[in-house]
1. Just checking, does the stretch 372-390 include any residue being closer than 27 Å to THR181 by Cα, touching a residue at least 60 places away in the same chain (Cβ under 8 Å), aromatic (Phe, Trp, Tyr) and part of a helix (DSSP H, G or I)?
2. In this structure, is GLU410 in contact with a Phe, Trp or Tyr (Cβ under 8 Å, 6 or more places away or on another chain) and charged (D, E, K, R)?
3. Restricting attention to the stretch 148-156, does a residue exist that is without any contact (Cβ under 8 Å) to a residue 60 or more places away in the chain, part of a strand (DSSP E or B) and either buried (at least 24 other Cβ atoms within 10 Å of the Cβ) or within 16 Å of the ligand (Cβ to nearest atom) (or both)?
4. When the residues of the stretch 211-228 are narrowed to those that are more than 12 Å from the ligand (Cβ to nearest atom) and hydrophobic (A, V, I, L, M, F, W, C), which ends up farthest from TYR317 (Cα to Cα)?
5. Residues to consider are ALA337, ALA363; find the one that is away from the ligand (no atom under 16 Å from the Cβ) and touching a residue at least 24 places away in the same chain (Cβ under 8 Å).
6. How do the pairs read when you match residues in the stretch 225-252 that are under 20 Å from ILE81 (Cα atoms) and touching a residue at least 40 places away in the same chain (Cβ under 8 Å) with residues anywhere that are hydroxyl-bearing (Ser, Thr, Tyr) and not in a helix (DSSP H, G or I), using Cβ under 8 Å and keeping only pairs 6 or more apart or on different chains?
7. I'd like to check which helices (runs of 4 or more DSSP H) are fully inside the stretch 180-228 and have at least 2 residues that are charged (D, E, K, R).
8. Would you say LEU168 is hydrophobic (A, V, I, L, M, F, W, C), away from the ligand (no atom under 16 Å from the Cβ) and out of contact with any strand residue (DSSP E or B) (no Cβ under 6 Å at 6 or more places or on another chain)?
Amino acid sequence: MMKLYSTKNKQQEFTLGEAVLKGLPDDNGLFMPAHIPKLPDHFFKKLPEMSFPELSFAVAYALIDGAIPYQELEKIVFESIDFPAPVVRLDEQTRILELFHGPTLAFKDFGARFMARTMSYFNRTEKSELTILVATSGDTGGAVASGFYDIPGINVIILYPKGKVSHLQEQQLTTLGKNITALEVDGTFDDCQALVKKAFLDKDVTQHLRISSANSINIARLIPQSFYYFEAWKQVFQGQPPVFITPSGNFGNITAGLFAQKMGLPVKKFIAANNANNIFYKYLQTGEYHPKPSIQTISNAMDVGAPSNFARIMDLYGSTWNNVKADIDGFTVNDDATLSGINQVFTKYQYIIDPHGAVGYLAFKEYQKKNPDDMGIILETAHPSKFIDVLPEPISKKVIIPERLAVLAEKTKVATPMSIQYKDFKEYLLNR
Ligand SMILES: *Cc1c(COP(=O)(O)O)cnc(C)c1O
């Protein structure tokens, strides 16, 4: 049965259910699997014939090791992994793993869908409903809202800053209904986050409602992100281990790749592609880790100055810099270069890449200067239509907006106005 420990204390063990429902251990570390199993040879032999949901199930089954029974886990995986992750060939060396075919057009759909169903499973024996509180600056809220939509036993309350998210992002948060409630807070993202944090510490609230978070560091968001590394390898398989290039912010996506490698996936190297928020890149250069306030960029989902999964990477490598460097290379790309990267990819391949993917593409081009023969798989983390405002013309005019995003524009927004006064938010929660 899968057991987990906190990165700050390996002595105490937790079950998967405890880790998923708690999100974070009390000592402020991060939950880590106590054991990451190696998948047997026959798994890799069978892989070419397995569908994406089938191989995902096999990976999950090995890792979770009985913490969720076979049939329940199969249902969770097949419902979560219900859209493809195709690898597109730009040229012989350069491949793109499209992770944006989910409901909100970003790779975060994999994590949100799996986490929602896993939480619902572990909450099944509770008499009362679980209420998830999330503060969002835009994107995460959309994936969480969609992932938890119509999930039994769970309500979601999303707090977003009024007038500070894009129209389509707001529509993603406010048009679902059912178990998803949007609060339009008359303040900033930090105000939203402060309200949520206070509620978690308020006994009146926690005695009245069972609350939890859908934080990105929940282990249930990482597990499904390892599946598509296997899926990509299956599609490009040709004997030589590929390089994976992961555009990184909080480093959850790349950590899931490292899990996949530990499970036996052949990988030549991981490349952590940073924008100007290059704390990890600097760590690779110097061995020193200095978190900083984030800087705003056009690849804004990676604007993170203190990557929370750094602690997990340290845990995997016993905090040994040389071992980290042996597996992970890093590059940093500024906004001007990102824009020229988008243009380059379009001119050379007639492929429209989003700003996050472009950071990955340029990181791979740098890597290729020393390793011209390696094949790289660049993780394309979002559909370009989500970042159409920052794409250079005339490329932005050529983006085809997927139907599921386009239809949102027409839907009716339902949001409850909320002040930034904690007493108002508290009263709202106590009246639920
Ligand atoms: C969240 C996000 C990232 C960064 O992923 P991490 O797991 O935080 O490193 C990259 N690209 C897009 C589009 C994202 O939404």
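1. yes
2. No.
3. Checked the stretch 148-156: at least one residue is without any contact (Cβ under 8 Å) to a residue 60 or more places away in the chain, part of a strand (DSSP E or B) and either buried (at least 24 other Cβ atoms within 10 Å of the Cβ) or within 16 Å of the ligand (Cβ to nearest atom) (or both).
4. Result: ILE211.
5. The match here is ALA337.
6. Every condition considered, the pairs that remain are GLY252/SER216; GLY252/SER308.
7. Because the criterion is at least 2 residues that are charged (D, E, K, R), the helices (runs of 4 or more DSSP H) in the stretch 180-228 that meet it are 189-201, 203-208.
8. No.
The values are calculated or read from the model by the stated rules, or taken from the named source; none is laboratory data. The shown structure was predicted, so the numbers you read here are calculated from the model rather than taken from an experiment. Every residue, glycine as well, gets a Cβ built from its backbone with ideal geometry; the counts of neighbours run over all protein chains shown.
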